[in-house]
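Asks: This structure is in structure tokens; I'll ask about it shortly.
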Amino acid sequence: MGKNGPMSDAGEFIDRALQRESSWSRAEEAEARYGGGHRYYGTSVGAVRGTVRDALRRYPDLTHDDVTALSSELWEMPVFERRLAGVVLLQSRVGLLTNTDLTRIEGFVRSARLGALVDPLGIDVVGPLIAGLDVVGRVRADSVLDRWVRDPDGWLNRAALLSQLRALRTDAGDWSRVVRHARLVLESPAQRSQEDGEAAAGAVSLVLAEAARQRP
């Protein structure tokens, strides 16, 4: 699949559907909003989500390996809507994911460098993934997040911080861990570029604002 071979049937189905829903005007608007790091079909977010739903109905027996391989296939080309479809796919089948999938997700975050992709990966994929793990898996996943918040990549810091947002919203988060991660991010700004620093600091603000609602 991908560069060295034909796309999978599911990948072809999703890509063709996204292109059918494309719009030059929406593509130009998206590029103006998000920047030139990606190409854009100009497919609406609703159409992306609908396409993934249709694909999962058409291919209902996708295994863990099928889902993760398809997400990588969609991510391979730097087209925003394809990558967003990959995020929605992982959201839709997050119950299949394990702590070992954090390595793949880390690669997605590092190459995305865009809040519209990184934020749902952190909030709606990494967070629920970790929440569904057993004790051993949770310990291993937590060690990965500890490494993410120490990384000079501000987008990886952002994903780690935002992964705790859902739990904070239900007052189920580990407050001491949130504070520790936020401090680690804020105390090491020199190692980050300005863009990375802004991405990380923005996530700290979001997480602390959410936590303040539960701990005024």
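Asks: Assess whether D196 counts as being touching a helix residue (DSSP H, G or I) at 6+ places or on another chain (Cβ under 6 Å) and closer than 30 Å to Y40 by Cβ. Even if it seems obvious, please write down each step before you answer.
Replies: Working: touching a helix residue (DSSP H, G or I) at 6+ places or on another chain (Cβ under 6 Å): yes; closer than 30 Å to Y40 by Cβ: yes.
Here the answer is yes, as D196 does meet what is asked.
Asks: If I ask for residues that are modelled with pLDDT under 95 and either within 16 Å of W75 (Cβ to Cβ) or in contact with a helix residue (DSSP H, G or I) (Cβ under 7 Å, 6 or more places away or on another chain) (or both), which ones from the stretch 31-60 would you list?
Replies: Hits for the stretch 31-60 are Y34, G37.
Asks: Then there's this: I'd like to know if the stretch 151-162 contains one or more residues that are open to solvent by 70 Å² or more (accessible area, probe 1.4 Å), closer than 24 Å to T100 by Cβ and modelled with pLDDT of 90 or more.
Replies: Residues of the stretch 151-162 that are open to solvent by 70 Å² or more (accessible area, probe 1.4 Å), as a first pass: none.
Within the stretch 151-162, none of the residues are open to solvent by 70 Å² or more (accessible area, probe 1.4 Å), closer than 24 Å to T100 by Cβ and modelled with pLDDT of 90 or more.
Asks: If you don't mind, there's one more thing I want to ask. Tell me, please, whether a residue that is in contact with an Asp or Glu (Cβ under 9 Å, 6 or more places away or on another chain), open to solvent by less than 10 Å² (accessible area, probe 1.4 Å) and in a helix (DSSP H, G or I) can be found in the stretch 130-147.
Replies: No, the stretch 130-147 contains no residue that is in contact with an Asp or Glu (Cβ under 9 Å, 6 or more places away or on another chain), open to solvent by less than 10 Å² (accessible area, probe 1.4 Å) and in a helix (DSSP H, G or I).
Asks: Sticking with this one: Could you please give the count of residues in the stretch 163-181 that are in a helix (DSSP H, G or I) and open to solvent by less than 40 Å² (accessible area, probe 1.4 Å)? Steps first, please.
Replies: Step one: list which residues in the stretch 163-181 are in a helix (DSSP H, G or I), which gives 165-169, 175-181.
Next, from what is left, pick out any that are open to solvent by less than 40 Å² (accessible area, probe 1.4 Å): 165, 167-168, 177-179, 181.
Number of matching residues: 7.
Asks: Only one of these conditions is not met by G197: (1) under 18 Å from the mean Cα position of the chain (by Cα); (2) farther than 16 Å from V94 by Cβ. Which number is it?
Replies: So the condition that G197 fails would be (1).
Asks: Which numbered condition in (1) out of contact with any Gly (no Cβ under 7 Å at 6 or more places or on another chain); (2) more than 20 Å from E21 (Cα to Cα); (3) open to solvent by 40 Å² or more (accessible area, probe 1.4 Å) is the only one that V118 fails?
Replies: Of everything listed in (1) out of contact with any Gly (no Cβ under 7 Å at 6 or more places or on another chain); (2) more than 20 Å from E21 (Cα to Cα); (3) open to solvent by 40 Å² or more (accessible area, probe 1.4 Å), V118 misses just condition (3).
Asks: On to the next question. Counting only residues that are basic (K, R) and farther than 20 Å from A10 by Cα, how many does the stretch 22-67 have?
Replies: Final tally of qualifying residues: 3.
The values are calculated or read from the model by the stated rules, or taken from the named source; none is laboratory data. These numbers come from a predicted model, not from an experiment. Backbone-built Cβ (ideal geometry, glycine too); neighbour counts: all protein chains shown. Side chains included, ligands, DNA and RNA excluded: accessible areas come from the protein's heavy atoms. Shrake-Rupley method; radii C 1.70, N 1.55, O 1.52, S 1.80 Å.
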